[in-house]
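S.K.: Starting off with a structure, shown below.
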Amino acid sequence: MPLVVVNPAAGRGRVGRLFPRIEAWLRANAPGARLVLTREPGHAEALVREAPEERIVAVGGDGTVHEALRGLRQAQVFGVVPVGSGNDFARMLGLPKLGLEAALERALKAPPRRVDLGLVNGEPFGASLGLGFDAGVARRALSAPRFLRGMPRYLYALFLELQGLSLPVLWLEAGGEVLFEGPALLAAVMNGPTYGGGFPIAPMADPADGRLEAIVAGRFSRMGVVGILPRLMRGTHINHPRVHHFQAPAFTVRFDRPTPAHADGEVLRLRQVYEVRLVPGGLRVAV
C-alpha cells in the first residue's frame, strides 16, 4: 500500500481544507494506505526519503512534487494529486483535470510508466528549471496576495520583477560547445512544456524523449518583456529573433555573477554555474 503525503499549505491552504475528504476516501477505498500531513518546508522530502512503501502519492502542487522528488528512490512509483496553484508537473504528464476522489484513485492505482528526470547540480527536478528573470519572478510569487493562483499569480510577480531589471551575461554550453553567449533575460531548461502555472515556455518539450529543451531569451528591455508576453502565453515566442532554442541531454549554464534559479517553482541556492542533465526514464509515474 502507498504512502500518501498531503501538504495542507498547498493551493494557499486549499489542500488543508480538503483533508477530511482525502481521509474519508482513503479509509473507504485504500484502508492500508499510510496518510501523513507535512508540517513545514522540507518535511515531504524527509518523509519520502525514509518511506519503505513502493508507491508514493503527493497531494499538493509543484512545490510538494519537487520536495517529494528529492527524496524519491528510482524503484518507487510516484503518483500526484494536483491540487496546488500551478500544477505544471501534472500538466507535463498529461494528467486530466479530475475531481479529488478520481485523482486519488488514479494516483494510487494507475499503472506506472517511465518518464525522464531532470537534475540540476545533482538535485532532481520534474518539469522545469528557470534561471535569471523568471527565477526572480518565482521568488516574488512567494509573497503574492493569497487570492492569486496559477497564471495571475505569475503575472503579478512578473511585473514587480520588471522594476529592477538588470541582465546578466550568460554562457550556454552543451557537448563542449558554446551555444549562446551574451546578455540574457533568462534561460529555461525544460523537461516539460510549461511553467509558472501554464506558460508554454517550451511547447515542444516531451518528458519521455531523452532530451532537455533550453530556451534562452537574450537582450530584452522592460517594454520588450511586456511586448513578448502575449506571444509567450500562446507559445509563439519561439519565433522571436531574440529567443533561442537548443536541445541536448545536458547543458552547462554560466553567468557573470550569481544569478537566481528555480526548479519546479522552488527557489534554489544562488550560484553562477548550473550543471543540468537528464536521467532518461529515471522516474516511474502513475498516469
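S.K.: Could you tell me which numbered condition Arg219 fails, if it satisfies all but one of (1) more than 30 Å from Glu54 (Cα to Cα); (2) surrounded by 14 or more Cβ atoms within 10 Å (Cβ to Cβ); (3) in contact with a Lys or Arg (Cβ under 8 Å, 6 or more places away or on another chain)?
M.R.: (2)
S.K.: To continue, here is another question. What do you reckon, is Asp209 in a loop (DSSP other than H, G, I, E, B) and under 30 Å from Val57 (Cβ atoms)?
M.R.: yes
S.K.: If you check every pair at least six apart or on different chains, which have Cβ atoms under 9 Å apart with a residue in region 89-110 that is at negative phi and modelled with pLDDT under 95 first and a residue that is small (Gly, Ala, Ser) and exposed (fewer than 15 other Cβ atoms within 10 Å of the Cβ) second?
M.R.: Close Cβ pairs (under 9 Å, with a partner that is small (Gly, Ala, Ser) and exposed (fewer than 15 other Cβ atoms within 10 Å of the Cβ)) amount to Pro96/Ala102.
S.K.: Among (1) at positive phi; (2) under 16 Å from the mean Cα position of the chain (by Cα), where does Gly182 come up short?
M.R.: The one condition Gly182 does not meet is (2).
S.K.: Now for a different question. Which residues, counting only those in region 99-126, are buried (at least 16 other Cβ atoms within 10 Å of the Cβ) and either among the basic types (Lys, Arg) or within 23 Å of Pro258 (Cα to Cα) (or both)?
M.R.: Selection gives Arg106, Gly118, Leu119, Val120, Pro124, Phe125.
S.K.: Filter region 20-46 for residues that are outside any loop (DSSP other than H, G, I, E, B) and of a type in the set (D, E, K, R); which is surrounded by the fewest Cβ atoms within 10 Å (Cβ to Cβ)?
M.R.: Among them, the one singled out is Arg27.
S.K.: Would you confirm, using the coordinates I've provided, whether Arg139 is under 14 Å from Gly265 (Cβ atoms), surrounded by fewer than 24 Cβ atoms within 10 Å (Cβ to Cβ) and touching a strand residue (DSSP E or B) at 6+ places or on another chain (Cβ under 6 Å)?
M.R.: yes
S.K.: Name, by its number, the condition in (1) touching a residue at least 60 places away in the same chain (Cβ under 8 Å); (2) more than 30 Å from Gly61 (Cα to Cα) that does not hold for Gly182.
M.R.: If we test Gly182 against (1) touching a residue at least 60 places away in the same chain (Cβ under 8 Å); (2) more than 30 Å from Gly61 (Cα to Cα), just (1) comes out false.
S.K.: Test of understanding: among Ala90, Ala107, which residue is of a type in the set (A, V, I, L, M, F, W, C) and either in the same structural domain as Glu213 (by TED's automatic domain parsing) or over 18 Å from the mean Cα position of the chain (by Cα) (or both)?
M.R.: Just a single option satisfies the conditions, and that option is Ala107.
The values are calculated or read from the model by the stated rules, or taken from the named source; none is laboratory data. Bear in mind that the values here come from a model prediction, so they are computed numbers and not experimental data. Every residue, glycine among them, receives a Cβ derived from its backbone with ideal geometry; neighbour counts consider all protein chains shown.
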